[in-house]
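A short reminder: the numbers here are calculations on the coordinates, not readings from a lab. All of these numbers come straight from a predicted model, not from anything done at the bench. Backbone-built Cβ (ideal geometry, glycine too); neighbour counts: all protein chains shown.
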Amino acid sequence: MTIGADVVVIGAGAVGAACAYFASAAGLRVHVVERGPIVAGTSSACEGNLLVSDKEAGPELDLARYSREVFTGELAPFARLWEFEHKGGLVVTRTPRGAEALTARAREQRETGIEVTDVVGADLADYEPHLSPAMLAGAYYPEDSQVQPMLLAAHLLRLARERGAIVSTHTEVHGFRRRGDAVNGVRTSRGDIDAAAVINAAGTWAGRVAELAGVAVPVLPRKGFVLVTEPLPPRTIRHKVYDGEYVANVLSSEEGLQTSPVVEGTDAGTVLIGSSRERVGFDRTVSLPVMARMATQAAALFPRLASARIMRSYFGFRPYCPDHLPVIGADPRAPGLWHATGHEGAGIGLSAGTAKALVAALTGAPAAIDLTPFAPERFGDNVIREAAHVG
Ligand SMILES: Cc1cc2nc3c(=O)[nH]c(=O)nc-3n(C[C@H](O)[C@H](O)[C@H](O)COP(=O)(O)OP(=O)(O)OC[C@H]3O[C@@H](n4cnc5c(N)ncnc54)[C@H](O)[C@@H]3O)c2cc1C
């Protein structure tokens with residue numbers, strides 16, 4: 001049996017859920033197709049930071065600022081549903097060279113309108129009383145915020161359903177309906193769905209979905225662990241706190257293991273410790289040495305953590321593109337196919353802006369942000385071999 005919709009969204013993670021929300025808000029008939037339960041992918045294996053602090057001036061920072069604007073504007077009435085918190089981010093360093101780098105980055109970001117305060121070592125304790133006294137300097141970003149990613153995706157899907165969207169879980173897309181080069185629907189494990197547009201929001205698996213349509217989109221897995229401590233007294237850690245070297249790790253394309261401490265407290269008292277980055281395909285091995293290294297680095301930032309017990313850990317696969325930019329927009333190689341993927345370690349924060357901008361392009365509404373730097377065809381067809389090899 002074939003059913004019809006204006007838009008099919010493949011994937012019910014944070015990005016697909018946001019696309020469903022904004023497409024249904026624009027009056028489109030939406031059908032979300034997810035091979036697992038809702039939030040089955042990386043959006044349930046991450047942290048929920050909405051960061052401007054870790055982004056260099058350029059298209060990703062522009063998108064992060066736009067996304068923040070959408071979260072704090074149009075989506076503000078729902079903020080409590082997904083525990084939106086204006087937490088603020090504190091980037092710290094223990095070396096004079098690190099302090100110079102922090103100051104230089106802050107200067108560049110300030111020029112683009114980001115709010116950032118330079119913090120001298122002696123004042124760091126006012127922000128974080130339990131921070132190691134070995135820290136020499138810091139930069140404070142009041143705009144850095146946080147959400148609970150699974151609640152975000154689940155509520156966006158629920159709100160879309162209230163506007164008539166259909167969400168089919170346990171339904172895998174295994175092909176596309178075509179008219180010549182054009183895509184006009186999907187073939188799923190539960191039948192075909194006709195649609196004028198199909199949005200590929202399949203996260204780390206979006207390269208494989210793109211291949212089903214005969215186009216190359218090089219989304220690769222970049223694995224990361226998170227540790228969760230037992231509950232500590234409330235507000236032991238007040239902000240998102242991370243070492244300046246984290247930014248270099250985010251921007252690096254190395255395959256080998258990288259870890260740098262990223263620490264944040266939660267209302268429940270538990271402390272989340274990230275984060276590792278390694279390109280090991282979809283290897284699901286749990287690595288104690290990686291987790292031990294993360295714990296040691298976190299305790300160097302906050303000595304109080306040395307005596308905290310780790311209650312649980314988890315890992316996920318970030319959807320990574322070789323140029324560290326997401327893939328957002330229409331695919332001219334397969335008219336009717338759109339992509340919203342490849343957000344690497346920032347897909348929760350970038351979800352709202354990505355979806356709002358993509359739906360504007362889809363419906364011909366005025367563009368609030370230039371999607372050209374995120375064009376799906378920018379890699380050509382060469383990278384498909386790397387994607388297939390690594391994934
Ligand atoms: C350790 C770690 C920490 C992170 N911390 C942060 C953070 O603090 N802030 C932040 O913004 N981001 C963070 N991220 C990144 C963030 O998790 C991702 O960028 C984001 O979750 C991607 O969302 P998505 O909706 O694109 O993908 P996903 O959530 O993976 O959703 C894709 C969905 O597509 C489905 N799917 C795949 N193939 C098919 C198919 N053929 N048919 C049907 N369905 C299909 C999958 O089952 C999945 O549910 C972190 C990631 C990791 C690993």
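One table, with the values for the structure above:
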read-out: Rounded to 10°, Cα long-axis angle of helix 347-363 versus longest principal axis of the chain; value: 30
read-out: Rounded, prolate or oblate (a/c below 1.5 giving rounded, otherwise prolate when a/b exceeds b/c) for the range 152-198 by Cα gyration tensor; value: prolate
read-out: Along each principal axis, Cα extent of the range 317-363, largest first, Å; value: 28, 22, 15
read-out: Likely footprinting exposure, R312, R29, R378, fewest C-beta neighbours within 10 Å first; value: R312, R378, R29
read-out: Rg(Cα) / (2.2 N^0.38 Å) computed for the chain, rounded to two decimals; value: 0.97
read-out: Kirkwood-Stokes translational diffusion coefficient of the range 89-142, alpha-carbon pairs, 10 °C, 1.306 mPa s, µm²/s; value: 143
read-out: Using distinct alpha-carbon pairs, which all enter the 1/r mean, Kirkwood radius of the range 1-149 in Å; value: 17.8
read-out: Residues V120, V30, sorted so that the one with the fewest Cβ neighbours within 10 Å comes first; value: V120, V30
read-out: Nearest-0.05 FRET efficiency for A361 and A122, computed from C-beta distance (R0 56 Å); value: 0.70
read-out: The chain: relative contact order in percent, alpha carbon pairs under 8 Å with at least 6 residues between; value: 23
read-out: Convex hull volume of the range 208-317 per residue (C-alpha atoms, cubic angstrom); value: 121
read-out: Counted charge near V215, where neighbours are those whose Cβ lies closer than 9 Å (Asp, Glu -1; Lys, Arg +1); value: -3
read-out: Contour minus Cα-Cα distance for D267 and T95 (0.36 nm per residue); value: 58.8 nm
